[in-house]
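Any read-out appearing in this document is the output of simple, stated calculations on the displayed coordinates, not a laboratory observation. All values derive from a computational prediction rather than experimental measurement. Heads up, the Cβs are rebuilt from the backbone with ideal geometry, glycines too, and the neighbour counts pull from every protein chain shown.
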Amino acid sequence: MTRLALFYYAGKKITPKEQIAEFIKYFDGVVLLSTDEGKYSDFSTLLGDMKKFVAESGLRFEIWVEIPYYDATKTPRTLEDMKDWIIKVESSTVARRVTGYYFSLEGAGAVSSDSTKIKNVVSYIRDTYKKPVLWIPIERWENRDPLYLTRKCVQKVGFTHVAPQPHYYMVTDTKGDYYRPNGMNYQDLNEFMWFCHENGFGVEMEWDSAVRGYCEHCGYGCNATKCTERARDYLVSLRDIEKRFGKFPYVVYYFSTDLNDYLKVVR
């Protein structure tokens, strides 16, 4: 199982650069991305962080680079714009260390609506550079199949790596939001992760600085105890699914922009 961590190199919040060595210590690879699905992307900053990870990590450490979907005005980029971004990455001095790409648009509905252009981007990467493309989707769970639209998008577009977002941490058992209108209990989380495993997907672990008492996106507000319990449910469910059905191919970890949020939960 490959363990990838999200590292925010640009945007409203940025992962501290001094944590790079710790990321390399705790994970098998990193996904370099900006906030707001590419709106805050900046190639020169990205390249600088790519070089830092390359300089400090071994050859087996995976480096995945975002394909920003939106530009600075929150307008979807054209196919040529996205190709130009990829060409710049592949023309860099560290291109050989780029394992693959991360497609930054998350919503399965949005990907489905723009599937032709996205398919062309994914095909370009796979055909030209022989590299995989990771997608970390979310869709509204309104029936007993939480990945219906995700699977349709994968069939249309051709993503090679898919790690769906359970979204369990962001709600409570009974209080939901747009993506989980009925809330989500532990049984739901376990079922969701089973669906991911059954489809050959990975899965995303999700928590943030609320586990250390800060106010961020936890369904239980700033309650560090409740939010930490909620986060640890992911790890319990992960172990349960893997014990019964075998390892996930890859697991992606989101813990906001501070590795201390990750350590607070796993220790």
Among Gly107, Leu33, Val54, whose Cα lies farthest out toward the positive end of the dipole of the range 1-158, if unit charges sit on the beta carbon of Lys, Arg (+1) and Asp, Glu (-1)? Val54
Inverse of mean 1/r across different Cα pairs in the range 2-266, Kirkwood, Å: 18.7 Å
Place a point 7 Å from Cα of Lys175 in the direction of its Cβ. Which residues in the range 190-232 have their backbone N less than 14 Å from it? 216-224, 226-227
Roughly what % of Cα-Cα distances in the range 61-103 sit above 16 Å, to the whole percent? 38 percent
DSSP-assigned coil residues among trypsin sites (Lys or Arg not before Pro) in the range 151-191, each with at most 13 further Cβ atoms within 10 Å: Lys175
Return the subset of Lys12/Lys88; Lys12/Lys264; Lys17/Lys130 for which the Cα-Cα distance in this structure is over 26 Å, preserving the input order. Lys17/Lys130
Rounded to the nearest 500, what is the 222 nm mean residue ellipticity of the chain from helices alone, with -39500 (n - 2.57) per DSSP H run of 4+ residues and division by all residues? -11500 deg cm²/dmol
Virtual spin-label span in nm between Ser91 and Ser113, 7 Å along Cα→Cβ: 3.3 nm
In whole percent, what relative contact order does the range 98-169 give with Cα contacts below 8 Å and a gap of six or more residues? 39 percent
Using packing as a proxy for protection, rank 14-23, 53-62 so that the peptide with the highest average count of other Cβ atoms within 10 Å comes first. 14-23, 53-62
Please quote Rg/Rh for the range 118-267 to two decimal places, taking the Kirkwood radius as Rh and restricting both calculations to Cα atoms. 0.99
Within the chain, cysteines having no neighbouring cysteine beta carbon under 4.7 Å are Cys153, Cys196
Quick calc, the chain, dipole around Cα centre from Cβ unit charges on Lys, Arg (+) and Asp, Glu (-), nearest 20 debye, gives 520 debye
Once fully extended, how much extra length lies between Tyr26 and Tyr148, figured as 0.36 nm per residue of separation less the alpha-carbon to alpha-carbon distance? 40.6 nm
Estimated dipole of the range 166-267 in Debye, rounded to 20 [Cβ of Lys and Arg +1, of Asp and Glu -1, Cα centre]: 320 debye
Go through 125-133, 211-219 and give me the packing order, highest mean Cβ count within 10 Å leading. 211-219, 125-133
The range 1-102: relative contact order in percent, alpha carbon pairs under 8 Å with at least 6 residues between: 27 percent
Tilt relative to the chain, helix 115-124 - C-alpha long axis, 0 to 90 degrees, to 10: 60 degrees
Which stretch or stretches of the range 28-68 have amide N atoms under 18 Å from the point lying 7 Å from Lys13's Cα along the Cα→Cβ direction? 31-41
Percentage relative contact order, the chain, counting C-alpha pairs under 8 Å, at least six apart: 17 percent
